[in-house]
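Here is the structure we will look at.
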Amino acid sequence: MLPVPDVRLAPAREEDVPAIFRLIRGLAEYEKLTDALVSTEHDLRTALFGPRPCAEAIMAFAGDEPIGFALFFHNFSTFLGRRGLYLEDLFVVPEWRGRGVGRRLLARLAQIAVERNCARMEWSVLDWNEPAIAFYRRLGASTLGEWRLCRLTGESLARVAASAG
């Protein structure tokens, strides 16, 4: 792994939204999910910097060039009685992978989780993404084989909502 002394991490600012959105598009391309990307810069700006922000982001820069990001939010564990930090997306542009940028982003998120007294830090990874899975395991992360992610979207979400009466 090559050292990255010239990489700077910083909390995202509102003026970073276009760069974050470009990185999200890069992530969607990498994950072969461009059809699922329906959010806009406006949606992202509202989520991160609107009147009720629901997420935060850390940016990685090489000089002034954005080369990666981690977007996260808090969840809550009723069993632990404390909040957790959920990593929604982590992405480093291909030419900067293998240089420790992703590890630094994750380490910063772990630091934030500890500073905020979070009980845990969690994220999901696609089952085919072996490089990411191996990277996470090297860090000491475990995969929860007994847990399955469930999701309601679109028509199914609307149908269940309508059944509430």
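The values are calculated or read from the model by the stated rules, or taken from the named source; none is laboratory data. Computed from a predicted model, the values in this text were never measured in an experiment. Backbone-built Cβ (ideal geometry, glycine too); neighbour counts: all protein chains shown.
Among the residues of the stretch 108-128, the ones that are closer than 19 Å to ALA60 by Cβ and either among the small types (Gly, Ala, Ser) or in contact with an Asp or Glu (Cβ under 8 Å, 6 or more places away or on another chain) (or both) come to 3 in all. Check whether at least one residue in the stretch 6-14 is among the small types (Gly, Ala, Ser), surrounded by 16 or more Cβ atoms within 10 Å (Cβ to Cβ), modelled with pLDDT of 95 or more and within 27 Å of GLY84 (Cβ to Cβ), and report yes or no. There is at least one residue in the stretch 6-14 that is among the small types (Gly, Ala, Ser), surrounded by 16 or more Cβ atoms within 10 Å (Cβ to Cβ), modelled with pLDDT of 95 or more and within 27 Å of GLY84 (Cβ to Cβ). Remark: pairs (first residue in the stretch 31-42, more than 10 Å from PHE21 (Cβ to Cβ); second residue surrounded by 10 or more Cβ atoms within 10 Å (Cβ to Cβ); Cβ separation under 8 Å; 6+ apart in sequence or on different chains) = GLU31/LEU126; GLU31/ASN129; THR34/ARG25; THR34/ALA28; ALA36/ALA28. Considering the conditions (1) modelled with pLDDT of 95 or more; (2) surrounded by fewer than 19 Cβ atoms within 10 Å (Cβ to Cβ); (3) under 18 Å from ARG138 (Cα atoms), LEU90 is excluded by exactly one of them, (2). Each residue in the stretch 144-159 was checked for being more than 22 Å from the chain's Cα centre (by Cα) and among the charged types (D, E, K, R), and 3 pass.
Taking first residues from the stretch 139-165 that are closer than 15 Å to ASP127 by Cβ and partners that are surrounded by 10 or more Cβ atoms within 10 Å (Cβ to Cβ), the Cβ contacts under 8 Å between residues at least 6 apart in sequence or on separate chains come to THR143/VAL125; THR143/ILE133; THR143/TYR136; THR143/ARG137; LEU149/SER124.
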